[in-house]
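> Next up is a structure, given as structure tokens.
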Amino acid sequence: MPVDEDPVQDKIDLSVPSAARMYDFLLGGTNNFLSDRLAVQDLLRTAPSSRELAINNRAFLRRVVRHIAADYGIRQFIDHGSGLPTQDNVHQVAQRIHRGTKVIYVDNDPVVLSQGRFLLDENDDVAIVAADMTNPEAIRSHPKVDGFIDFEQPVAALFVSVLHCVPDPEPARLLRETIKLLASGSVVVICQLVSEDKAVRDGVTRLMAEQTNNNWGRVRTEEEVRTYFDGLDIQPPGLLDVTDWRPDSEVLPRQRTREWIEFGGLALVP
């Protein structure tokens, strides 16, 4: 698997928590450091159901990728802000349905890029690119992407649990610009952290901004996330808590509270 070489990989400050590594710790992973684990403990005091939320969100990613590959027949995926490799990555799920499905992982976290070199080295149909997802055109023209992904054919663009890391007004802009690059019949998956409790939104946003040296956006409301789907054809079952998006079973690790959820869904590019 080709991995984009970038000097950012040599600039890892282990004293600063990373959202990707915090997420890894919440999932029970080992690609995290003391700073990340301490930050998670602080987060759990503000949002006690964060671990269950992370587990449910990862299960949603597996379900939605399987659904896109099996029911839409799409064989090209771009996973924006992909995070650290773990079990059942996008390419593993998609390639069980269609061998040869091409997957691009996009991230700018140096640990993600470093681990990707070792953990995603499985086949020539997978690549990880060091890039800022807020610049869709740069991703499109990147030498690891250009020619690897055929933008004349449908593509699945994934923005799973990542837009809350992006400050306003960037999410709406980067989504519009990404969608313009996609052929008709492509799909977009969007979900992010939301809360209808202002105290939770403000508290988590402030905590994460402090912990990550302002490498963070904010927790938003459901209505704000709905606007991200403007111009797209939202697919059943609609926009909702992703725990309830086409669940495989009712036996799920339920959140202890509903102080926040991952909200979003799947939409078709007309």
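The values are calculated or read from the model by the stated rules, or taken from the named source; none is laboratory data. All figures in this text were calculated on a predicted structure; none of them were measured in a lab. Glycine gets a Cβ as well: all are built from the backbone with ideal geometry, and neighbour counts include every protein chain shown.
> State all residues of region 174-223 that are farther than 18 Å from residue 136 by Cβ, surrounded by 15 or more Cβ atoms within 10 Å (Cβ to Cβ), modelled with pLDDT of 95 or more and out of contact with any helix residue (DSSP H, G or I) (no Cβ under 9 Å at 6 or more places or on another chain); if no residue qualifies, say none.
Result: 222, single match.
> Which one is nearest to residue 92 (Cα to Cα), of the residues in region 27-38 that are at pLDDT 90 or above and hydrophobic (A, V, I, L, M, F, W, C)?
Here the residue is 33.
> Filter region 94-134 for residues that are of a type outside the set (Asp, Glu), part of a loop (DSSP other than H, G, I, E, B) and crowded, with 16+ Cβ neighbours inside 10 Å; which is modelled with the lowest pLDDT?
120
> Here's a follow-up. Only one of 55, 74 is touching a residue at least 24 places away in the same chain (Cβ under 8 Å), touching a Pro at 6+ places or on another chain (Cβ under 8 Å) and part of a loop (DSSP other than H, G, I, E, B); which? If you could, list the steps in order and put the result at the bottom.
Numbers: 55 fails: part of a loop (DSSP other than H, G, I, E, B).
Step by step, each of 55, 74 is checked, and only 74 is touching a residue at least 24 places away in the same chain (Cβ under 8 Å), touching a Pro at 6+ places or on another chain (Cβ under 8 Å) and part of a loop (DSSP other than H, G, I, E, B).
> Among (1) closer than 17 Å to residue 61 by Cα; (2) surrounded by fewer than 23 Cβ atoms within 10 Å (Cβ to Cβ), there is one condition residue 170 misses while meeting the rest; what is its number?
Unmet for residue 170, out of (1) closer than 17 Å to residue 61 by Cα; (2) surrounded by fewer than 23 Cβ atoms within 10 Å (Cβ to Cβ): (1).
> Report, by residue number, each residue of region 156-191 that is in a helix (DSSP H, G or I) and more than 19 Å from residue 109 (Cβ to Cβ).
172, 173, 175, 176, 177, 178, 179, 180
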